[in-house]
1. Amide H of Thr71: which non-local residues (sequence gap of 5 or more, or other chain) have their own amide H closer than 5 Å, using H built in the peptide plane?
2. Which order do the peptides 37-48, 5-16, 65-76 take when ranked by the mean count of other beta-carbon atoms within 10 Å per residue, highest first?
3. Per residue, how much accessible area does the chain show when a 1.4 Å probe rolls over the protein heavy atoms, in square angstrom?
4. Hey, any idea what % of the chain's accessible area is carbon plus sulfur with a 1.4 Å probe?
5. According to the Cα gyration tensor, what semi-axes, each the square root of 5 times an eigenvalue, does the equivalent ellipsoid of segment 35-85 have, listed from largest to smallest in whole Å?
6. What value in Å³ per residue do you get for the convex hull of the alpha-carbon atoms in the chain?
7. Please go through the residue pairs Lys16/Lys53; Lys8/Lys53; Lys12/Lys54; Lys4/Lys54; Lys16/Lys67 and name each one whose alpha carbons sit more than 19 Å apart in this structure.
Amino acid sequence: MQKKYIIKYILKILKKKRNFKEIDNLQVEKFDYFNTKILDSLEILKFHMSLEKKFKIRFNSKDLTSKKIKTVGGISDIILKRLNI
């Protein structure tokens, strides 16, 4: 699976949840959905669960406490890692 596909899917979910300004394609991987308050705490849990369901993976506690999970690029890297294990 390609990282571009994962990022596109993540952005699709985020855009459904809240209207937010379009971000530059060069900055999309650095986009911090967690600290920008696009999702509240319950929506973050649902977001992570929907990613687990879509990609048939499970985030472990290390993933969920990692700084990487807060950005679009970081969470896509975690998903790719889980898919390749």
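The values are calculated or read from the model by the stated rules, or taken from the named source; none is laboratory data. A quick note: this is a predicted structure, and the numbers were derived from the prediction, not measured. Please note: Cβ atoms are built from the backbone with ideal geometry, for glycine as well, and neighbour counts cover all protein chains shown. These accessible areas exclude ligands, DNA and RNA; they are computed on the full protein's heavy atoms, side chains included. Shrake-Rupley method; radii C 1.70, N 1.55, O 1.52, S 1.80 Å.
1. When sequence neighbours closer than 5 places are left aside, there are no close amide H contacts.
2. The most tightly packed comes first, giving 65-76, 5-16, 37-48.
3. For the chain, the per-residue accessible area is 71 Å².
4. For the chain, the apolar C and S fraction of the accessible surface comes to 54 percent.
5. Semi-axes (√(5λ), whole Å): 18, 12, 9.
6. 89
7. Violating the 19 Å limit, Cα to Cα: Lys16/Lys67.
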